[in-house]
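**Q** Below you'll find the structure I mean.
The values are calculated or read from the model by the stated rules, or taken from the named source; none is laboratory data. Not measured: the values here are computed from a predicted model. Positions of Cβ are backbone-derived with ideal geometry, glycine not excepted, and every protein chain shown enters the neighbour counts.
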């Protein structure tokens, strides 16, 4: 009678012995540090099976407080060594290869302003955990990550918009707000344009530092390649280098870069050149030709819209206007060479396409045959009605 | 007619003779005449020529006299809509993917496509205007007392069918404005308890968007069901009119004689010429735009329901804070039911003509005020 129970007894005994052993294998840190454990469990490290003890050391298998914090335990309280501790894994090239992560972040960090201050013993200088977080580190591509392109400005603002902290380093605390209101910030934050630059696009990521004089045009030119090429060909480049002026930033400012407006173009020249100077005149020529071409294209686009509403076939006009807009978009970058011909050539091309489209659409929109046909129709109608009316009167007289 | 009977006497068989030996021509003529083109009774037992000459010698009712032939414009406009609608149906594709593109193709590539669409649109607006005017006139003249109850019911139902014809038509091209104004209209339908959701479920539209199933059902309604209903109602309306006359004063009769039918035909011809002139002028001079395509995921703000539904829409919006939506819908439905059944409950002693006109004016002003409010909140 006992025989059927024998296997069950064996299973129970096995579980009795095996379960506590399995529990010992698991880390017990979360028992005393539940908040850190919750943070950590959502992190990229937890997903990749990094454990508490991989970073903190100690003995994670015991619930005894002293035992747990003994041995090679590290509290990470010293900000000066934080980058070195992260680098234990992140500078391990073999380990990072599988994640396609660079292994030189520590080296790059050490070249940054943050890294140099840290090396000099400045405990307020930003370290890895200031930007990435501590336990809840997320991958940079995760929209909830503090270093995601849309969130990075907030992360930088934590220090760079702090008036006390920035004052201590003689920095401007308005830079993040300036960026947010700039053409770049609005494109990224308001319009969701993922190609728009965030703080790291210009300052670097781990090697964050302000671009030096002579480097500004290289940084801006990474995206604005045509503008940079024209700028280098023009007279401003060498003159600014000689005068120790930050190239692009001299006219456009650094963080508060505004949307290009043709109508404000000549005003920028007056910041350095006299109102009657040939340079200011050239600025006015640029302004007039770009504004005139833009207005021409706007009028053409309006007519195309009218045509669309009248069910005209406007595909061809749309394509031609697109070409004209491309030419017009190239004109402001070309103006950085401060030469009249390239700008006038581009704006002339845009304007002539705009005028051509307008001319053709005017002819189609104001086509008269329908109206002439209507006039003939009414001529027939009135004649017929007159005859019928006379006939009717005759019939009434007969009655 | 005398000429025709003359030719018959002379022994030369005409096409009409040939046909009358094979078809019941008098019955066909009688059926067609029920649409108002020939107001006198024809004896369907006699050959056509004989029946016509007999009808021509009988007195004609006064409603056939100028300018009361105006009601004929209903059937004239319906014919214009059939012709232009059929021409467009040759190219129109009733699927959400192709509806807009095929309408665009009609306008761009088909000869006179633009003109045909414009005539179809303005014809529909004119038809609705005439149907509404007819109901207003019957109300103001109080022409719904016995025995003219059905005259009223058919006129109101015809107006109602007209609204639905326009509504289903406006969603078909899948333009942004047409689509969203149809959606607004469906929201009004949805507010009527039980009947509203049931109607929408039959249509395959849930009141917030028009699905691909709904589009083909709208097309079926617009191109087949509702036109047939309209033709049937016009027939019923005119045959009731012929039986009961438009008012007590229809005892005044036209002097009998052959010239009466000629006069009538001349009147019709003048009327049709003027109507066609106005319609084609509107089509050429006041072209309605071809809006961008509808995107069911992007609500276009500022588009209200069609103009004839602005008053119920205004009522629902106006009472939105006081009544729940379903109660507003119920009030609308009951109002419509009362309106249709007017002859059954308005049996008060005969009101003066001024009083009836005054009531009609009050109703019109109320309707316009609600429409104005509806347009403002849309």
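**Q** Take the conditions surrounded by 14 or more Cβ atoms within 10 Å (Cβ to Cβ) and out of contact with any helix residue (DSSP H, G or I) (no Cβ under 7 Å at 6 or more places or on another chain) and apply them to residue A:147. Does it pass?
**A** no
**Q** A further question follows. If residue B:113 satisfies every condition in (1) over 29 Å from residue B:301 (Cα atoms); (2) more than 14 Å from chain A (Cβ to nearest Cβ); (3) buried (at least 18 other Cβ atoms within 10 Å of the Cβ) but one, which is the exception?
**A** Against the list (1) over 29 Å from residue B:301 (Cα atoms); (2) more than 14 Å from chain A (Cβ to nearest Cβ); (3) buried (at least 18 other Cβ atoms within 10 Å of the Cβ), residue B:113 comes up short only on (2).
**Q** Go over the candidates B:198, B:133 one by one and state the one that is within 21 Å of the chain's Cα centre (by Cα), more than 14 Å from every other protein chain (Cβ to nearest Cβ) and surrounded by fewer than 16 Cβ atoms within 10 Å (Cβ to Cβ).
**A** Residue meeting the stated conditions: B:133.
**Q** Okay, next question. Select from region A:223-249 the residues that are over 17 Å from residue A:343 (Cβ atoms) and touching a helix residue (DSSP H, G or I) at 6+ places or on another chain (Cβ under 7 Å) and list them in ascending order.
**A** A:237, A:240, A:246, A:247, A:248, A:249 - these are the residues of region A:223-249 that are over 17 Å from residue A:343 (Cβ atoms) and touching a helix residue (DSSP H, G or I) at 6+ places or on another chain (Cβ under 7 Å).
**Q** Further, regarding this structure: So which pairs qualify, if the first residue must be in region B:260-271 and over 13 Å from residue A:391 (Cα atoms), the second must be at pLDDT 80 or above and in a helix (DSSP H, G or I), the Cβ gap must be under 7 Å, and the two must be at least 6 apart or on different chains?
**A** Taking only residues 6 or more apart or on different chains, the pairs are B:271/B:73.
**Q** Exactly one of these conditions fails for residue B:205: (1) exposed (fewer than 15 other Cβ atoms within 10 Å of the Cβ); (2) outside any helix (DSSP H, G or I). Give me its number.
**A** Residue B:205 satisfies all of (1) exposed (fewer than 15 other Cβ atoms within 10 Å of the Cβ); (2) outside any helix (DSSP H, G or I) except (1).
**Q** Restricting to region B:311-349, count the residues that are in a loop (DSSP other than H, G, I, E, B), more than 21 Å from residue B:364 (Cβ to Cβ) and under 28 Å from the mean Cα position of the chain (by Cα).
**A** Of the residues in region B:311-349, 1 are in a loop (DSSP other than H, G, I, E, B), more than 21 Å from residue B:364 (Cβ to Cβ) and under 28 Å from the mean Cα position of the chain (by Cα).
**Q** Residue A:89 fails exactly one of the following numbered conditions: (1) without any contact (Cβ under 8 Å) to a residue 24 or more places away in the chain; (2) in the same structural domain as residue A:46 (by TED's automatic domain parsing). What is the number of that condition?
**A** Result: residue A:89 fails condition (1) only.
**Q** With respect to residue A:361, determine if the residue is modelled with pLDDT of 90 or more, in a helix (DSSP H, G or I), within 14 Å of another protein chain (Cβ to nearest Cβ) and buried (at least 16 other Cβ atoms within 10 Å of the Cβ).
**A** No; evaluated as a whole, the condition is false for this residue.
**Q** Let me spell it out: the conditions are (1) within 14 Å of chain B (Cβ to nearest Cβ); (2) within 53 Å of the chain's Cα centre (by Cα); (3) surrounded by 17 or more Cβ atoms within 10 Å (Cβ to Cβ); (4) farther than 15 Å from residue A:297 by Cα, and residue A:392 meets all of them except one. Which number is the exception?
**A** Result: residue A:392 passes all but (2).
**Q** Only one residue in B:264, B:273, B:237 is modelled with pLDDT under 90 and within 14 Å of chain A (Cβ to nearest Cβ). Which one?
**A** B:264
**Q** Against the definition (surrounded by fewer than 19 Cβ atoms within 10 Å (Cβ to Cβ), within 14 Å of another protein chain (Cβ to nearest Cβ) and modelled with pLDDT under 85), how does residue B:301 come out, yes or no?
**A** For residue B:301, the condition - surrounded by fewer than 19 Cβ atoms within 10 Å (Cβ to Cβ), within 14 Å of another protein chain (Cβ to nearest Cβ) and modelled with pLDDT under 85 - is not met.
**Q** I would also like to ask the following. Looking at (1) more than 18 Å from residue A:130 (Cβ to Cβ); (2) more than 14 Å from the chain's Cα centre (by Cα), find the lone condition where residue A:173 falls short.
**A** (1)
**Q** Under 16 Å from the mean Cα position of the chain (by Cα) and either more than 26 Å from residue A:260 (Cβ to Cβ) or outside the structural domain of residue A:56 (by TED's automatic domain parsing) (or both), is that true of residue A:193?
**A** When the stated conditions are applied, residue A:193 passes them.
**Q** Of (1) part of a helix (DSSP H, G or I); (2) surrounded by 12 or more Cβ atoms within 10 Å (Cβ to Cβ); (3) modelled with pLDDT of 85 or more, residue B:376 satisfies all except one. Which?
**A** (2)
**Q** Given the condition touching a helix residue (DSSP H, G or I) at 6+ places or on another chain (Cβ under 9 Å), closer than 30 Å to residue B:136 by Cβ, buried (at least 19 other Cβ atoms within 10 Å of the Cβ) and modelled with pLDDT of 80 or more, answer yes or no: does some residue in region B:53-74 qualify?
**A** yes
**Q** Mind listing whichever residues of region B:75-91 are within 14 Å of chain A (Cβ to nearest Cβ) and crowded, with 19+ Cβ neighbours inside 10 Å?
**A** B:88
**Q** Please work out which one of (1) at pLDDT below 90; (2) farther than 27 Å from residue B:150 by Cβ; (3) buried (at least 20 other Cβ atoms within 10 Å of the Cβ); (4) more than 14 Å from chain A (Cβ to nearest Cβ) is the condition residue B:213 fails and give its number.
**A** The number of the failed condition is (3).
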